[in-house]
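First the structure, in the form of structure tokens, and then the observations on it.
Read-outs throughout are calculated quantities, based only on the coordinates presented, and are distinct from any laboratory measurement. Just so we're clear, the structure is a prediction, and the values are computed from it rather than from any experiment. All Cβ positions, glycine included, derive from the backbone under ideal geometry; neighbour counts span all protein chains shown.
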Amino acid sequence: MRLNEGWLEDARRVPSPHCDCRPDDESPSLLVVHNISLPPGEFGGPWIDALFTGTLDPHAHPFFAEIVHLRVSAHCLIRRDGEVVQYVPFNKRAWHAGVSCYQQRERCNDFSIGIELEGTDTLAYTEAQYQQLANVTRALIEYYPAIADNMTGHSDIAPERKTDPGPAFDWAKFRALVAAQPDKERP
Ligand SMILES: [Zn+2]
């Protein structure tokens, strides 16, 4: 995994209009892990790309009418098969955290990178997702070293509103993969 101008070279690129500049072009220092599935509990459809790019068809599913007005995005999505999709370059502010607070600092979107795992709070994430999340995180840490010590879940920064990535997400496994696994691209 390599970054180039804020984009992962190996990700499928789906640029989202749901982003803007970080205040003072601040360098991101926090990783926020999320989950999403559309419709809820179903995997593999085109709907997450559509939501994050503002092209969701409200008639395609009853649930979509409730969320079609949302202008949201994440920097990346990691699908069940490990595919990485990137919507927003990391130097820009994606709109994933909402009202949030990390270590007494509010508005986490200003200083964080948001990564969605295709999934639910209670269903185990796939091995491919853990591997790719670790790959992306290691690439990010090379550019933004503060992230190594600041990785959290959406439910931790917005506990009144959010439950993702949920009890299904194995933080110990993820942290061990980030810390231990050598970068495969290194000679
Ligand atoms: Zn979330």
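Residue count for region 6-31 satisfying the condition of being in contact (Cβ under 8 Å) with a residue 60 or more places away in the chain and more than 16 Å from V85 (Cα to Cα): 11. Please verify whether region 22-32 includes one or more residues that are within 16 Å of the ligand (Cβ to nearest atom), part of a strand (DSSP E or B) and touching a Pro at 6+ places or on another chain (Cβ under 9 Å). Scanning region 22-32, I find no residue that is within 16 Å of the ligand (Cβ to nearest atom), part of a strand (DSSP E or B) and touching a Pro at 6+ places or on another chain (Cβ under 9 Å), so the answer is no.
Applying the criterion of being in a helix (DSSP H, G or I) and within 16 Å of the ligand (Cβ to nearest atom) to the residues of region 129-173, the residue that is surrounded by the most Cβ atoms within 10 Å (Cβ to Cβ) is H154. Only a single criterion out of (1) acidic (D, E); (2) within 18 Å of V14 (Cα to Cα); (3) more than 13 Å from the chain's Cα centre (by Cα); (4) within 16 Å of the ligand (Cβ to nearest atom) is not satisfied by D81, namely (4). Under 9 Å by Cβ, and 6 or more places apart or on different chains, what pairs join a residue from region 88-107 that is assigned to a loop (DSSP other than H, G, I, E, B) with one that is aromatic (F, W, Y) and surrounded by fewer than 23 Cβ atoms within 10 Å (Cβ to Cβ)? So the pair list comes out as V88/W95; P89/W7; F90/W7; F90/Y143; F90/Y144. Restricting region 85-126 to residues that are among the hydrophobic types (A, V, I, L, M, F, W, C) and away from the ligand (no atom under 15 Å from the Cβ), the residue that is surrounded by the fewest Cβ atoms within 10 Å (Cβ to Cβ) is A124.
Just so you know, in region 64-76 the residues that are within 16 Å of the ligand (Cβ to nearest atom) and assigned to a loop (DSSP other than H, G, I, E, B) include one that is surrounded by the most Cβ atoms within 10 Å (Cβ to Cβ), and it is H75. Selection of region 149-174 for residues being under 22 Å from S27 (Cβ atoms) and in contact (Cβ under 8 Å) with a residue 12 or more places away in the chain yields N150, M151, T152, G153, H154, D156, I157. Take D57 and decide whether it is away from the ligand (no atom under 16 Å from the Cβ), assigned to a helix (DSSP H, G or I), exposed (fewer than 14 other Cβ atoms within 10 Å of the Cβ) and charged (D, E, K, R). Taking the combined requirement at face value, the residue does not satisfy it.
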